[in-house]
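To start, the structure under review is shown below, and the notes come after it.
The values are calculated or read from the model by the stated rules, or taken from the named source; none is laboratory data. Since the model is a prediction, treat every value here as computed from it, not as a measurement. When we count neighbours, we look across all protein chains shown, and the Cβ atoms used for this are built from the backbone with ideal geometry, even at glycine.
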Amino acid sequence: MIRQPQPKQDVLDRRAAIVGRLRAILPADAVIAEPLELKPYETDGLSAYRQPPLAVVLPRSTDEVAAVLRLLSGEGVRVVPRGAGTSLSGGALPMADAVVLGLARMNRILEIDETDRFAVVEAGVTNLAITEAVKARGFFYAPDPSSQLACMIGGNVAMNSGGAHCLRYGVTSNNVLGLRGVTVEGEVVTLGGKYPDAEPTDWLGLVIGSEGQLLVVTEVIVRILPLAEGARAMLAGFRSNEIAGACVDAIIASGIIPVALEFMDRPAIHACEAFAHAGYPLDAEAMLIIEVEGSVAEQDALLARIRAIADRFEPVSMRVSQTAEESAAIWKGRKGAFGAIGRISPDYLCMDGTIPTSRLAEVLGRIRQMSAQYGLEVANIFHAGDGNLHPLIMFDANDPASQGRAEAFGADILRLCVEVGGCLTGEHGVGVEKRDLMGEQFSPEELALQRRIKGAFDPAWLLNPAKVFPLVEA
Ligand SMILES: Cc1cc2nc3c(=O)[nH]c(=O)nc-3n(C[C@H](O)[C@H](O)[C@H](O)COP(=O)(O)OP(=O)(O)OC[C@H]3O[C@@H](n4cnc5c(N)ncnc54)[C@H](O)[C@@H]3O)c2cc1C
């Protein structure tokens, strides 16, 4: 048995004092401090890293969030905002001396307005629950991370999350009109509004994607869009990554923007087919899922044009889903890709970088070379239409050497993304995972400017510190 070092008495006394003060301002069930009850909060989607927090608070209103932040900032205590804890970059990873501020109990839908096409929701509403709430009125909320059943809109705003359908509809920043948030000092602020361009300076744009560094988001005004009449997915298998990549370029260059254009390489096809039984082409080296939507006539016309383009690349197979069930199976395979890899490998690291799609084949070739060099398998999944690459590196966390190699491999992939003109993160954020790679993409002057912006919102660096910005010597 590994013995955990016992915290010193002064640390325990301080913890007890802070927990006591939190209990004085919140209902009894809103403060968690027992070691066993803290367990579910000690990690997030980047589960190789674990750290029990000082305590967890679960407020139910903006006023309670403000009271907590006033108290903690007054005491100089650090705070880690948390939604569902699905971050794959360790964004919600606790710190030993920080209180986790969980938004999960703020899960009410406050207003739906189909005339002006917005919904006002609390930060703890799950992504999918927004669409479920407006579907009967003929609307949906467009960004659809694969984690949409669990992840929350506050987390989506913090990470500027994307998903398979963002090629057509944009990411979170394109679909949020406004928000309510609380500063680290406990002041409630409103940014944006219910209508586009509600304020002259885009402060909202500064906060979306800021990874819990600037404000705690408590309410979000999302744009809702009319549901399409219908959608159909097409599967096309190709003889090589290069050919599939060239087909992606040809589709986009033709002026067609499908609602989704997803790419999987051979290892990903096999893992996902074994999981979803969706009829993925097992004889292909690479596969595209191409989805179009509209009336049946519009779908037919678009699919005919895409089929004609794909034919030029001599696909080994091509199939259009005929029923809603078939389309659902195709998406089950893609959206369940991370789980599918989890079935064949004890652990995996999901990388998230962006590249120009024209460099796809070259990048996949170099990732294959790195895979041989590091002795680790990798499966590649790619939001091909917008250049967002997700290599899944398989390793065994019980073997520290394997984990170290996986992390070094992942860092090399992200360096490669920057080298070819892309960037460090497409949608999963920087968190702790990519913090020390920020210097690969940003100059010291750019990082200094970013730090000054963080400092303007959070002068004592109490909000989610030790994430995003490379650590500097004191
Ligand atoms: C299986 C799986 C599939 C995924 N697929 C996708 C995908 O397709 N696209 C995609 O973009 N991401 C994806 N993700 C990553 C993750 O789901 C997203 O980053 C998501 O937006 C995180 O939401 P969350 O509620 O879980 O936030 P958390 O993980 O709890 O927190 C994420 C970050 O946001 C901050 N934060 C959370 N809530 C607030 C708030 N109210 N105010 C201020 N800061 C806050 C936290 O401090 C942290 O930095 C996937 C994750 C998993 C596990």
Is one or more of the residues making up the range 410-417 part of a helix (DSSP H, G or I), over 19 Å from GLY91 (Cα atoms) and touching a Gly at 6+ places or on another chain (Cβ under 6 Å)? yes
Count of residues meeting criterion [surrounded by fewer than 22 Cβ atoms within 10 Å (Cβ to Cβ) and within 16 Å of the ligand (Cβ to nearest atom)] in the range 220-237: 0
Would you mind stating whether LEU101 is within 16 Å of the ligand (Cβ to nearest atom) and either at positive phi or not in a loop (DSSP other than H, G, I, E, B) (or both)? yes
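Rundown of residues vs (1) more than 16 Å from the ligand (Cβ to nearest atom); (2) assigned by TED's automatic domain parsing to the domain that holds ALA98; (3) part of a helix (DSSP H, G or I); (4) touching a strand residue (DSSP E or B) at 6+ places or on another chain (Cβ under 8 Å), yes/no style:
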{"site": "SER402", "(1), (2), (3), (4)": "yes, no, yes, yes"}
{"site": "THR425", "(1), (2), (3), (4)": "no, no, no, yes"}
{"site": "VAL430", "(1), (2), (3), (4)": "no, no, no, no"}
{"site": "GLU445", "(1), (2), (3), (4)": "yes, no, yes, no"}
{"site": "LEU449", "(1), (2), (3), (4)": "yes, no, yes, no"}
{"site": "ALA456", "(1), (2), (3), (4)": "yes, no, yes, no"}
{"site": "PRO465", "(1), (2), (3), (4)": "no, no, no, yes"}
{"site": "PHE469", "(1), (2), (3), (4)": "no, no, no, no"}
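To keep it simple, each residue is scored yes or no on (1) acidic (Asp, Glu); (2) touching a Ser or Thr at 6+ places or on another chain (Cβ under 9 Å).
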{"site": "ASP29", "(1), (2)": "yes, no"}
{"site": "GLN51", "(1), (2)": "no, yes"}
{"site": "LEU54", "(1), (2)": "no, no"}
{"site": "LEU72", "(1), (2)": "no, no"}
Looking at the range 61-77, can you tell me whether even one residue there is in contact with a Cys (Cβ under 7 Å, 6 or more places away or on another chain) and at pLDDT 95 or above? no
Strands (runs of 3 or more DSSP E) wholly inside the range 109-198 that include at least 3 residues being within 12 Å of the ligand (Cβ to nearest atom) and touching a residue at least 40 places away in the same chain (Cβ under 8 Å): 176-182
Any idea which residue in the range 48-93 is farthest from the ligand (Cβ to nearest atom), counting only those that are more than 19 Å from THR218 (Cα to Cα) and touching a residue at least 60 places away in the same chain (Cβ under 8 Å)? GLY76
I need the full set of residues from the range 165-187 which are in contact with an Asp or Glu (Cβ under 8 Å, 6 or more places away or on another chain) and among the aliphatic types (A, V, I, L, M), in order please. LEU167, VAL171, LEU179, VAL184
Output for the range 182-208, where each listed residue is closer than 24 Å to PHE140 by Cα and of a type in the set (Gly, Ala, Ser): GLY192, GLY193, ALA198, GLY205
